[in-house]
């Protein structure tokens, strides 16, 4: 399986530099470091904060609550169908803030690059970072670049931190969840994990399976503006997939959760791939899917609102919170049976984000 199509073009070519790969000298803080940063990072990600090229960023924040998050991205391979590690880092950071009930605003971005990484690959990642930040309407305002010896990294790792303002009507807290709350999944599940696995294992499927990576920096503010504190809790279904989130909630609150298999959308190609690989879609990672726990009275309206979003076509109410079977998630299967969905044991899909 080939690397996804490049977005490098005549309109944004690789800068004409006298090196083709990243070397240890690019992490020395000297001339090579400045060539790498000035020719690529500062040029491609330019904005009024980053252009100051200072050790940190100074920006105004508004009165009220702020949200802060940090994360690291070590996905392998770094390019995959539907995205790459750079786009993933921006979307993942933005979404973590959104799940707190915040609108993401500013991001820090740090690279740990392994000696030998092709400059064209680094530029490609930077371009995807820029485009993802533009789509989410966030700014990369500060960061850091380090280079490690060949064999001591895996091409490139990215660390991010993000801040955002808590939205006026947000009251997102796991303790807000109550019995009778409806559980909504924002789209079909398991695409990201299967997209990563298909590249890693060299698998070919009849139809292309692409990562679902996207940002929530528009849909979440819209939901909170319309439904306010009727939305009790939000989580993105990344590592461990849908089952992990549901189990964490059930165990934390000592409540039961019931879900219906027929309501959980899984793309046909993804379902076939999971069957081939012996994977359960409930445990497979996502990067563009979130789970909402909402009051029963507004559940249908919330689901409809999400379906109007370009990345929420298959949003659905999949279950509810109950006083029955505390600390357990019970699945009503499509054929009429019932089974307990346990927490993921071990690592099903390594290095998916």
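No lab work stands behind these numbers, since they all come straight from the coordinates. In this text, all values refer to a predicted model and were calculated from it rather than measured experimentally. Neighbour counts run over all protein chains shown; Cβ positions are idealised from the backbone, glycine included.
Here 271, 243 are screened, and the one residue that is in contact with a helix residue (DSSP H, G or I) (Cβ under 7 Å, 6 or more places away or on another chain) and more than 28 Å from residue 102 (Cα to Cα) is 271.
Candidates in segment 21-32 are the residues that are part of a helix (DSSP H, G or I) and surrounded by fewer than 16 Cβ atoms within 10 Å (Cβ to Cβ); of these, the one that is nearest to the chain's Cα centre (by Cα) is 24.
Within segment 38-58, being under 21 Å from residue 132 (Cα atoms) and touching a strand residue (DSSP E or B) at 6+ places or on another chain (Cβ under 9 Å) holds for 41, 44, 45, 47, 48, 49, 50, 57.
When 133, 171 are checked against the criterion of being in contact (Cβ under 8 Å) with a residue 24 or more places away in the chain and not in a loop (DSSP other than H, G, I, E, B), a single residue qualifies: 133. Checking each residue in segment 195-213 for being touching a helix residue (DSSP H, G or I) at 6+ places or on another chain (Cβ under 6 Å) and under 20 Å from residue 90 (Cα atoms) picks out 210, 211, 212, 213. Comparison of 323, 287, 297 shows that the only residue that is over 25 Å from residue 213 (Cβ atoms), touching a helix residue (DSSP H, G or I) at 6+ places or on another chain (Cβ under 9 Å) and touching a residue at least 12 places away in the same chain (Cβ under 8 Å) is 297. Looking only at segment 226-243, decide whether some residue is in a helix (DSSP H, G or I), at positive phi and surrounded by fewer than 18 Cβ atoms within 10 Å (Cβ to Cβ). Within segment 226-243 (the criterion being in a helix (DSSP H, G or I), at positive phi and surrounded by fewer than 18 Cβ atoms within 10 Å (Cβ to Cβ)), the answer is yes, since at least one residue qualifies.
Residue-wise test of (1) within 30 Å of residue 64 (Cα to Cα); (2) outside any loop (DSSP other than H, G, I, E, B); (3) touching a helix residue (DSSP H, G or I) at 6+ places or on another chain (Cβ under 8 Å).
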residue: 141; (1), (2), (3): yes, yes, yes
residue: 146; (1), (2), (3): no, yes, yes
residue: 150; (1), (2), (3): no, no, no
residue: 175; (1), (2), (3): yes, yes, yes
residue: 189; (1), (2), (3): no, no, yes
residue: 193; (1), (2), (3): no, yes, yes
